[in-house]
Amino acid sequence: MIGHPVGRLLAAAAHGRFPVPDGSVDVVRPWHPGLEGVVSFTGHAFVATDRPAADVYAREPDGYGRAVDPRFVSWLAGPNGWCDCLDVVMISFGTGTGGPPVRPELAEHPRARHARIVRSEVVVYGDDRGLITLGIGVGGLPEIGVEVAEPMRGRGYGRSLITDALGLIDAGVPVVAAVAPGNALALRAFLAAGFSPVGSVQLVRPEAG
């Protein structure tokens with residue numbers, strides 16, 4: 001059973017069931033300690049934060065875009081907090097067919113280091129085509145990232161890595177990927193591998209204290 005409300009909403013969206021597009025904003029608890037952010041669907045946004053809900057609503061965010069206004073997100077992070085870029089949230093389902101082997105020697109690869117900033121329980125897999133990161137990400141769902149090895153780029157291996165990444169997750173389990181809108185190559189690869197766009201996410205790590 002999916003424990004976080006955003007995870008349940010994303011799983012529902014994967015089946016075509018979306019929040020009511022009424023422009024509203026709901027404040028929910030973070031799905032990972034120290035990591036907050038905004039998950040937006042069409043006309044409805046969810047702010048995952050430890051801040052009091054009254055403080056959030058006082059900033060007048062809405063589900064039509066103001067919840068990801070840079071001024072609101074910067075306030076959520078605080079003056080010395082960290083803001084990630086706004087990403088497209090894409091979703092598919094695990095297939096349970098297996099995938100590349102675990103690659104512990106790649107734990108310090110830049111892709112793996114970034115994954116640990118925004119996910120928990122990150123494991124790195126890979127082969128000659130490139131690497132896969134798999135961890136617990138947006139809404140507490142399994143989240144994948146891939147990077148094709150430099151010599152292998154431009155040959156369609158991104159799609160095959162994504163397909164194999166889904167094989168690492170039990171059949172039918174919702175899987176998310178967060179892709180920068182400007183990364184057209186990655187967007188096309190995830191679409192080709194069967195992922196569907198369902199919303200957006202912008203993560204922050206608020207300043208300590």
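Since every read-out is calculated from the coordinates, none of them should be taken as a lab result. Given the structure is predicted, the values throughout are model-derived calculations rather than measurements. Heads up, the Cβs are rebuilt from the backbone with ideal geometry, glycines too, and the neighbour counts pull from every protein chain shown.
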Can you give me the C-alpha center-to-center distance between the range 21-68 and the range 118-157, rounded to a whole angstrom?
28
Under unit Cβ charges (Lys, Arg +1; Asp, Glu -1), what dipole magnitude, rounded to 20 debye, does the chain have relative to its Cα centre?
280
Value of [θ]222 nm, deg cm²/dmol, for the chain, DSSP H segments ≥ 4, -39500 (n - 2.57) each, nearest 500
-7000 deg cm²/dmol
Each label point is 7 Å from the Cα along the Cα-to-Cβ direction; what then is the distance between the points at D50 and A12, in nm?
2.8
Identify the GluC sites (Glu not before Pro) of the range 96-171 meeting these criteria: DSSP loop state and at most 11 other C-beta atoms within 10 Å of the C-beta.
E108
Among (1) 45, 37, 30; (2) 49, 40, 31; (3) 51, 36, 32, the value of Cα extents along the principal axes in Å computed for this structure carries the label (3)
